[in-house]
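One structure is given below, encoded as structure tokens.
The values are calculated or read from the model by the stated rules, or taken from the named source; none is laboratory data. None of the values given here were measured: they were computed from a predicted structure. A quick note on method: Cβ atoms are made from the backbone with ideal geometry, for glycine too, and the neighbour counts reach across all protein chains shown. The protein model used for the area step is the full one, side chains on, heavy atoms only, and it has no ligands, DNA or RNA in it. Shrake-Rupley method; radii C 1.70, N 1.55, O 1.52, S 1.80 Å.
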Amino acid sequence: MSEHDPRDLVIVALSGVQRFITESRTTADAANASAITARLATEAALLLEEEGAELVIPFKADPSAASSRIAALTTAGQGPLLARAAADRVRSTWRRWITDLFGEPRDVPGFPEVMWSVAPAEVGGYAERWHAAQTVLASRKRLRAFDYPERTGTRPCAVSPRWPSEKAAPPGVPRHELASELSAAVWLKRRWHTMASSRSSPGTGLSPASPPSPESSPSKGFPSTASIASTPFRAQVLEHWSTPEVRDLVSELRKAARDVMGEERFRALEGAVPRLRRAKADPLEEWFVRGSGWWVIPETWNLDALAYEYATPDRPIDTNAVKRGLRAAEKLTEVIGAKPNPYYAVLAADLDGLGKRLSEFSEMPKHREISQRLRDLSQQHRRQIEQEHSGVTVYSGGDDLLAFLPAATALEAAQACRKAVGKNPTTLSTAVLFVHQGSPLHVAIARSRELLAEAKKVRGKNAVAVGYIAGSGAHSSTVRPWESEWVEDAVKELRVFKSRPGAPAEADGEGELSPRLINDLYSERAALAELATGSSRVRGVYMAEVTRLVLRHGGTEEQAQSLMRLGQSEHTEKSYAPVPLAAAQVALFLRRQTW
């Protein structure tokens, strides 16, 4: 396209997307929030296409890889009209969904927040228009419309307290959710998978009820954190599915779960983890794939916890069912010879400096080429997460990624996603957070975003943060460049501490690190730091002492060497650097919990 292309450049952006996704109680809420915002962004892109604009980013309207920012070229003088119309399409679509859900309109102050800017043709060539539009949009984002909700007489929403809860749940809500104190926006997230008929775009024939990944489709539900965490164990069970004893134990689990949950909640199956889907499954196998994630974990069968979740005044908990379920879950682990892991991982990733990269190549053909690359990366990342590493994708836009994975495969998935990017169009920074499946989801997502922000603070970016939140609430993290003079691959270095697949550290029998290593490193941190920063001879003493401590506490020489390299490459500035205290805390967790 000519540098003197006489068209307006329009940029439309949705703000507040990450917060909308983070404010989720369940994985289905998070996945539905992502699908909703992708659909809204696609509506803006469709409006621009319908009015004759040429999309630049994304290069085509596609909810499977939608960006929250749309750039398009349109007829000179028409830019402001089309930008305003695109923003109006987003808002009217949102209002229609809310009205369809409740049967009447509901206000959701401040959401969706749509911003736009236009660089008219007379500004200059494409590069000048791109710079002008970006500058104006950045200025617009610094202005906030404080749309406070009116007093409604209800309590704040239990999930998104910035909005008031609705006085009544929308029609069709299951009985056990009727008393939930949720806002209209959160009810839409919660009920999104039931609204296929109202979500298609008038005149386009395009519906988000047909997303690109049927395995994690909101219309089929979405796997819970327990289902994701227990995927490796359940895959092993399915490998032994033809064994009568295995099927009998799963049948007993199913009966016990039904008696505890009640028929209505028992019938509400989750979506399947892609790794476990079966083309033709009998009812028992279908339940095992889509409903057993929580119940295969023996710790689930706690009478008090189940009574709190499922008992009602007219239906007390069935104590005999709880005992039967516990026996079946424990026996299943014996027969399979493995245990279900209660931990899963949140993987968050983001391309480094993509905005700067776009400004460096401020030519329309190059921007469309990058947009095509982002779409390809979106598909590659989704494939790596779901097909190769047994996870599920919340969103994958090419430039950013959020996914949930079993603890055993998360680090490998992070490496694979980074490898898919290479440096085209730029590098990828990543955060991997291991979380107990019983921990609040919004805390896990928010913390993963914080870790990603820490990784992006590393000089030159291209970094990775790995952390954990234990079931007790204890937490730690370690941050470093993917590559440095000390480590060739930061995640590969950390993987030295992983247990062998399918077995916790105590069953591994080799390199079982003791938590007392952390205590010794902490108590000796000042002396070790002094040794580590001394002469080469003194540094040799430091290395010998760290190795002695690791061996003393059940580790190996290889693990000691890895810890020292990790300490040298640690990003966080601390008085005891390069003593590998943070790395050791994470390494110990990996050793004990990522099987």
Counting only protein heavy atoms and rolling a 1.4 Å probe, one gets per residue an accessible area for region 1-150 in Å² of 42
Which of [x] 1.00; [y] 0.98; [z] 1.28 gives Rg/Rh (Cα atoms, Kirkwood Rh) as computed here? It is [x]
Can you list the lysines whose alpha carbon sits under 29 Å from that of K331, skipping same-chain ones fewer than 8 residues off? K255, K280, K323, K339, K498
Report the accessible area of L441, computed with a 1.4 Å probe over the heavy atoms of all protein chains in place, in Å² rounded to the nearest 10. 10
By the mean-Cβ-within-10 Å protection proxy, highest first, 553-566, 414-427 rank as 553-566, 414-427
Put +1 on the Cβ of every Lys and Arg and -1 on every Asp and Glu Cβ in the chain; which of Y343, S180, A268 then has its Cα farthest towards the positive end of the dipole? S180
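Arranged from highest to lowest average of other beta-carbon atoms within 10 Å per residue, in what order do the peptides 579-588, 135-144 appear? Numbers along the way, then the final one.
Numbers: 579-588: 25.4, 135-144: 11.7.
Taking the mean over residues of other Cβ atoms within 10 Å, the ranking is 579-588, 135-144.
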Taking the Cβ of G397 as the center, what net charge do the other residues with Cβ under 11 Å away carry, scoring Lys and Arg +1 and Asp and Glu -1? -1
For region 511-594, alpha-carbon Rg over 2.2 N^0.38 Å: 0.99
Given +1 on the Cβ of Lys and Arg, -1 on the Cβ of Asp and Glu, and no further charges, what dipole in debye does the chain carry about its Cα centre, rounded to the nearest 20? 420
Go from 0 up to the bin containing the longest alpha carbon distance in region 340-399, width 5 Å each, and give me the % of pairs per bin. 4, 16, 22, 20, 14, 10, 8, 4, 2, 1, 0
Straight-line reach from K60: which lysines have a Cα under 28 Å away, not including same-chain ones fewer than 8 places off? K141, K189, K220, K356, K366, K419, K423
Filter the chain for me: DSSP H helices, axial length by Cα at least 30 angstrom, mean Kyte-Doolittle hydropathy not below -0.5. List them by residue number. 27-50, 79-102
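Please give the charge dipole size of region 342-482, origin at the Cα centre, charges +1 on K and R Cβ atoms and -1 on D and E Cβ atoms. Round to the nearest 20 debye.
Computed about the Cα centre, the dipole is about 340 debye.
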Which residue, A61, V17, P6, has the largest displacement toward the positive end of the dipole of region 1-69 when charges sit on each Cβ (Lys, Arg +1; Asp, Glu -1)? V17
Between the modelled labels at A168 and K419 (7 Å from Cα along Cα→Cβ) the distance in nm is 5.7
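Leaving out ligands and nucleic acids, and using a 1.4 Å probe, what accessible area per residue does region 224-335 come to in Å²?
Numbers: 5450 Å² over 112 residues.
I get 49 Å² per residue for this part.
Given R₀ = 51 Å, FRET efficiency for D107-T243 by Cβ-Cβ distance, to 0.05?
Numbers: r = 57 Å, r/R0 = 1.11.
According to the calculation, E is roughly 0.35.
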Would you mind getting me the FRET efficiency between D147 and E530? Use the beta-carbon distance for r and R0 = 51 Å, nearest 0.05. 0.35
Could I have the simple spin-label model distance between A305 and A474, label points 7 Å from Cα toward Cβ, reported in nm to one decimal? 1.8
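DSSP loop (so not H, G, I, E, B), at most 16 other Cβ within 10 Å: list which chymotrypsin sites (Phe, Trp or Tyr not before Pro) in region 241-310 pass both filters.
Working: sites: W241, F266, W287, F288, W294, W295, W301, Y308, Y310; in loops: W241, W294, W295, W301.
Answer by residue number: W241.
Determine the share of the chain's accessible area contributed by carbon and sulfur atoms, expressed in whole percent, with a 1.4 angstrom probe. Walk me through the numbers on the way to the answer.
Details: 12610 of 25750 Å².
So the carbon and sulfur contribution to the accessible surface is 49 percent.
What net charge do the residues around E263 carry, taking every other residue with its C-beta under 13 Å from that of E263, with Lys and Arg at +1 and Asp and Glu at -1?
Numbers: positive: R175, R254, K255, R258, R265, R267, R315; negative: D259, E264, D318.
That works out to +4.
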